[in-house]
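The values are calculated or read from the model by the stated rules, or taken from the named source; none is laboratory data. What you see is a predicted model; the values in this text were computed from it and never measured. In this analysis, Cβ positions are derived from the backbone assuming ideal geometry, glycine residues included, and neighbour counts consider all displayed protein chains. Ligands, DNA and RNA are excluded from the accessible area calculation, which covers all protein heavy atoms including side chains. Shrake-Rupley method; radii C 1.70, N 1.55, O 1.52, S 1.80 Å.
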Amino acid sequence: MPVTRIAAAQRYAEIGAGSAAGSTSTSLPVPTADYTYAVAAIGWVGGVDISSDVFNITLGGVGGTPLFATPLHFDSNKSMLWGLIFADPDPATLAATYSSVATELFNRNLFLVAGVWSQVTPLDLGSISDSVVTAVGSGSVTSSGITVPSLNPANRVISAHMVGAGRKITGFNRTRVASAAGFYGGQVILGEARGASSVTSTITHDATTSKWAGFGLNLGPTPVECGMSDTVKLNPSQTFGGGLYRIATPHPDREWIIPPVGSANPLGPGG
């Protein structure tokens, strides 16, 4: 497969009512592989507006590339979900930090989930946001989800889903990668699925709620190449080879008409 999952991590932390800044962390093992990327999601559940507060994720002390410009706020801005991607991660500490957060009477929940995927070709992180779909709850529902376009059935679609205070996730229609649930309610789940013309990742809630958010990332079509070669025992000896490619998007420059051997066609490759 062009995309392979090779590691995962998850963490939940209960934040004290009087804590305005802090962090939680977990180790993220990363096997050696080419073109590896860590996708991490941070979630927060509390009782006051956090729309202007600061949250971040670092890996080995280094920041990542946001998958979308600003965190997804919901439940009257008391809950938040955000995602970042890290290129070529090393085995290191994955940390979720918060600062300038208003204190309140009750404890809060901080969630951190992550997965690591390996590709056969590098991603363009400068335009990664073009491959991301986000959603935030409005009306109360018993399930919620994200639909992500996927041009090639071999693509990998990664999604993160969150429910807010007093809610849990009871079902998920894709492969679970990591999950973190809070004692006082709230949960974040990170999942994956193989691609299709579109992929819908859905969670089921333990009760009807509008306290949910989610995002989905299509890792994009990647070429797949395999090949072979051999020698024909002639005098002099000759070699031949061949290759098979899957192309992300058909393009006229890649379409050739191969004439039969012995035919005369100046527009195609000979033989």
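Take the conditions (1) open to solvent by 10 Å² or more (accessible area, probe 1.4 Å); (2) at pLDDT below 95; (3) out of contact with any Gly (no Cβ under 7 Å at 6 or more places or on another chain); (4) farther than 21 Å from Thr65 by Cα; Gln187 misses just one of them, which is (2). The set of residues in region 1-32 that are more than 16 Å from Thr93 (Cα to Cα) and under 22 Å from the mean Cα position of the chain (by Cα) comprises Met1, Pro2, Val3, Thr4, Arg5, Ile6, Thr32.
Just the residues that are in contact with a Leu (Cβ under 6 Å, 6 or more places away or on another chain) and within 25 Å of Tyr184 (Cα to Cα), please, taken from region 134-170. Of everything in region 134-170, those that are in contact with a Leu (Cβ under 6 Å, 6 or more places away or on another chain) and within 25 Å of Tyr184 (Cα to Cα) turn out to be Val136, Ala160, Met162. Would it be correct to say that Pro122 is within 12 Å of Asn218 (Cα to Cα), modelled with pLDDT under 95 and either part of a strand (DSSP E or B) or open to solvent by 40 Å² or more (accessible area, probe 1.4 Å) (or both)? Here the answer is no, as Pro122 does not meet what is asked.
Of everything in region 164-184 that's of a type in the set (A, V, I, L, M, F, W, C) and closer than 15 Å to Arg11 by Cα, which residue is most open to solvent (accessible area, probe 1.4 Å)? For region 164-184, the residue satisfying everything is Phe183. Taking region 1-114 as the region of interest, the strands (runs of 3 or more DSSP E) fully inside it that hold 3 or more residues being open to solvent by 30 Å² or more (accessible area, probe 1.4 Å), in contact (Cβ under 8 Å) with a residue 40 or more places away in the chain and not small (Gly, Ala, Ser) are 3-15.
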